[in-house]
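Report on the structure given below.
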Amino acid sequence: IENYPGIRGPLSGYELLKLIREHAKAFGAEFIRGKVIATDLMNDIKRVYTIDGREFKGRAVIVASGAMERTNKYKGEEEFLGKGVSYCGVCDAAFFKDRPVAVIGEDDYALEETEFIARFASKIYLVVPSSRIKAPHEMVSEIQFNPKVEILLHHRVVEISGTSLVEGLWVQNITTKEKRLLQVDGVFIFLGGNKPSVDFLMNQVEMNGEHCIVVNEEMMTSVPGVFAAGDVLCTNIKQAVIAAADGVKAALAVDKYLNKKAKITAQW
């Protein structure tokens with residue numbers, strides 16, 4: 001992580017989390033480890049149940065359980081994560097100014113990211129695993145006419161290669177079985193594998209078709225007293241600083257809710 005204000009990176013997610021946790025502990029926060037398997041949110045007193053049989057009760061709950069990563073990683077993906085492999089165009093596109101990159105994806109989200117990355121990269125290979133791009137016709141046409149973008153339909157990723165940094169991406173045409181090495185310095189992966197971890201909510205709050213949580217401007221869900229923040233929300237922007245800001249907004253909203261305030265007030 002190199003884009004969190006006040007933190008001179010690079011820093012791993014674990015290291016940043018440790019700093020935040022220690023800061024919170026210094027102000028009295030209590031951390032309890034456990035796997036949540038069920039909730040009862042429809043009454044005034046909310047209940048949260050863990051796999052080891054514990055029950056936690058409160059008048060308000062903030063859901064900030066994040067999202068699960070894709071389970072099937074490409075060969076070389078984890079090895080070169082942060083060394084050319086990225087999941088965020090907004091975060092990392094500028095590092096590849098005037099350099100060739102590959103984008104792996106097949107929907108409108110991938111096209112939006114490709115369009116942004118094209119502002120910086122000299123060349124983009126858009127690798128699409130399926131036989132067509134699952135996006136509105138206008139978006140597809142715009143990408144097709146972008147001179148920087150070469151679209152490779154019905155191709156699968158074989159391996160992300162390199163030494164200390166990404167140097168290439170091996171792909172294979174699913175129909176012809178022909179393999180090709182793309183000479184790229186970066187690989188952006190947008191395959192929609194980051195599924196919000198919300199099974200324990202048991203559909204008690206409103207969600208959209210992608211099973212992300214819908215909230216209002218004060219981070220409250222469709223159930224009074226239940227708030228949400230971070231990657232469980234319906235947003236395409238996944239950055240640590242934004243998730244942290246969501247958490248602050250949710251905490252201030254909880255203060256308003258519990259103390260029946262007319263409006264949210266900052267706690268300095």
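The values are calculated or read from the model by the stated rules, or taken from the named source; none is laboratory data. This one's a predicted model, so the numbers in the text were calculated from it and none came from an experiment. Backbone-built Cβ (ideal geometry, glycine too); neighbour counts: all protein chains shown.
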Every residue from region 217-256 that is touching a residue at least 60 places away in the same chain (Cβ under 8 Å) and assigned to a strand (DSSP E or B): V226, F227, A228
Residue match in region 132-153 (condition: over 25 Å from the mean Cα position of the chain (by Cα), surrounded by 14 or more Cβ atoms within 10 Å (Cβ to Cβ) and not acidic (D, E)): yes
Where G89 falls short, out of the listed (1) in contact with a strand residue (DSSP E or B) (Cβ under 8 Å, 6 or more places away or on another chain); (2) not assigned by TED's automatic domain parsing to the domain that holds S161: (2)
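For region 140-178, how many residues are in a helix (DSSP H, G or I) and either among the polar types (S, T, N, Q) or over 22 Å from F96 (Cβ atoms) (or both)?
First, pick out the residues of region 140-178 that are in a helix (DSSP H, G or I): 140-144.
Adding the requirement that they be either among the polar types (S, T, N, Q) or over 22 Å from F96 (Cβ atoms) (or both) leaves 140-141, 144.
Count: 3.
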Qualifying position, being among the aliphatic types (A, V, I, L, M) and in contact with a Gly (Cβ under 7 Å, 6 or more places away or on another chain), among A251, A229: A229
Flag for K75 being closer than 17 Å to T163 by Cα, modelled with pLDDT of 90 or more and touching a strand residue (DSSP E or B) at 6+ places or on another chain (Cβ under 7 Å): yes
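Would you mind finding the one in E78, E113 that is of a type in the set (D, E, K, R) and surrounded by 18 or more Cβ atoms within 10 Å (Cβ to Cβ)? Show your work before the answer.
Working: E78 fails: surrounded by 18 or more Cβ atoms within 10 Å (Cβ to Cβ).
Matching residue, one of E78, E113: E113.
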Failed condition for P224, given (1) modelled with pLDDT of 90 or more; (2) farther than 19 Å from V48 by Cα: (2)
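Name the one entry in R99, R47 that is outside the structural domain of S131 (by TED's automatic domain parsing) and either hydrophobic (A, V, I, L, M, F, W, C) or surrounded by fewer than 17 Cβ atoms within 10 Å (Cβ to Cβ) (or both). If you could, list the steps in order and put the result at the bottom.
On the way: R99 fails: outside the structural domain of S131 (by TED's automatic domain parsing).
That would be R47, the only listed residue that is outside the structural domain of S131 (by TED's automatic domain parsing) and either hydrophobic (A, V, I, L, M, F, W, C) or surrounded by fewer than 17 Cβ atoms within 10 Å (Cβ to Cβ) (or both).
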Restricting region 50-86 to residues that are among the small types (G, A, S) and either within 18 Å of the chain's Cα centre (by Cα) or outside the structural domain of D199 (by TED's automatic domain parsing) (or both), the residue that is farthest from I237 (Cα to Cα): G76
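Here is a check on your reading of the model: is V36 modelled with pLDDT of 95 or more and either assigned by TED's automatic domain parsing to the domain that holds I124 or closer than 25 Å to A229 by Cβ (or both)? Before the answer, list the steps.
Working: modelled with pLDDT of 95 or more: no; either assigned by TED's automatic domain parsing to the domain that holds I124 or closer than 25 Å to A229 by Cβ (or both): yes.
The answer is no for V36.
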Matching residues, region 234-247, being at pLDDT 95 or above and of a type outside the set (G, A, S): D246
